[in-house]
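Report on one structure; see the data block that follows.
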Amino acid sequence: TGATISFDFGGDRGGADALVNTAQRIEEQTTLIENALASGVITTKQADLISRALAKLPDDVTPEQRERCEETLLKDAQKLTLKDLRRRAARITEAYRKTTDEVDADEDEILRKKEEAARAKTSFSMWDNNDGTVTGRFTLPEAQGAMLKTALDALAAPHQKVGTVNAATGQMDEVGFGQTYPQRLGHAFATLVEHLPADSLPSNGGVSAVVTVNLDLDTLMGGIKAAGLSDGTRISAGEARRLACSAQIVPMVLNGKPLPLDLGSANRFFNQASRRAMEKRDGGCTTPGCDRDARWTEAHHLNPYAISKTTDIRDGALLCPFHHHRAHEQGWVGRINPDDGHVEWKLPGSDTWQRNTRWRP
């Protein structure tokens, strides 16, 4: 059993169980795979893939046709990668079918059953670590997994000169994130969650899936009092101000009274035309020294919407997610230069207005 193998020879229980399952599957089939594996012609993973492919052959396959498929896959395994061998296995009935239409039908049926099995295995779970983080695990069908990976890879694309603000000098230290690939993917996943189209998600008992952040007017204006989400989660003042800029978070601004001073609505967001105008004006992240272009930025209100009541581009600026966090955490002061209309910042520890000359001299 898997437990015995993992105990006697080391390794994890899951891997040992998979090895036992592969061995049982091979034993039920012909000895060709067994001999190839024993002689080192194929690897354990290749043997597992081939045995699974043979188990999925159509019910009308004859012993001779099955053996022909097995011989073909064993030969292909010596020259193909696992990914290519998997694709080959999906169309292995080419070894005996007479027409392409028959092979196409076989492949479609194999994929249909594979997708049905994948949906049955789909799951998601997450738990609170009680340290400010949440850990989770999930199993997705292959197609949705590919969609998720594509989105995360795009969001996690590295940018070498994204830096931080030196609190003592107010200048930008041009250093990279210094993050590993898994860390970048984690931040990308957080960004993806923040930008979900919550207003179009199904409601739960008549209540929409939009998250509300409850904060005091003083917090919105730069105070240090913590805020809370609609589920009771407590967040810092800076995080609350940043989330109040998000189109997927509704800020409920309180002023010591039972009813909110302002309950954010769709009108508080920059529309597509405004966004494009800001992209043309700003070029990218407006933080001095940052090289993230407009594709990787978020629209920031220079003055909180609850106060200004406007989404005019003269009250907006583009910031990358990293510096958007910093702007709210450190209380950056921004403005539109009255002479040339470009965004400028007064960073912590500095009394001078600075701009990102990468995009606009």
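Nothing in this text is a laboratory measurement; each read-out follows from the coordinates by a stated rule. Nothing here was measured: the structure is a model prediction, and the numbers come from that model. Here Cβ is always computed from backbone atoms with ideal geometry, including for glycine, and neighbour counts include all displayed protein chains.
Odds and ends about this structure:
- Between the amide H of His342 and those of Asn337, distances stay under 5 Å, these residues lying 5 or more places away or on another chain, with hydrogens modeled in the peptide plane.
- The listed peptides 233-239, 335-341, 129-135, ordered by packing as a protection proxy, come out as 233-239, 335-341, 129-135 (highest mean of other Cβ atoms within 10 Å first).
- Our coupling estimate for segment 288-300, obtained by passing each phi through the Karplus curve with A = 6.51, B = -1.76, C = 1.60 and θ = phi - 60°, is x, x, 7, 10, 7, 6, 4, 4, 10, 10, 10, 7, 10 Hz, Gly and Pro reported as x.
- Cross-link pairs Lys56/Lys121; Lys75/Lys98; Lys280/Lys346; Lys75/Lys121; Lys98/Lys121; Lys98/Lys149 - those with Cα-Cα distance over 30 Å: Lys75/Lys121; Lys98/Lys121; Lys98/Lys149
- 3J(HN,Hα) along segment 341-350: x, 9, 6, 9, 10, 10, 7, x, x, 10 Hz, from the Karplus curve 6.51 cos²θ - 1.76 cosθ + 1.60 with θ = phi - 60°, whole Hz, x for Gly and Pro.
- Residues Phe124, Phe138 arranged by fewest to most Cβ contacts within 10 Å: Phe124, Phe138
- Residues His324, His342 arranged by fewest to most Cβ contacts within 10 Å: His342, His324
- Likely footprinting exposure, Ser350, Ser123, fewest C-beta neighbours within 10 Å first: Ser123, Ser350
- Shown in residue order for segment 58-66 are the 3J(HN,Hα) couplings computed by the Karplus curve 6.51 cos²θ - 1.76 cosθ + 1.60 at θ = phi - 60°: x, 4, 8, 5, 8, x, 5, 5, 4 Hz (x for Gly and Pro).
- Taking amide hydrogens as placed 1.01 Å from N in the peptide plane, the amide H of Ile235 sits under 5 Å from those of Ala227, Gly228, Leu229, each at least 5 positions away in sequence or on another chain.
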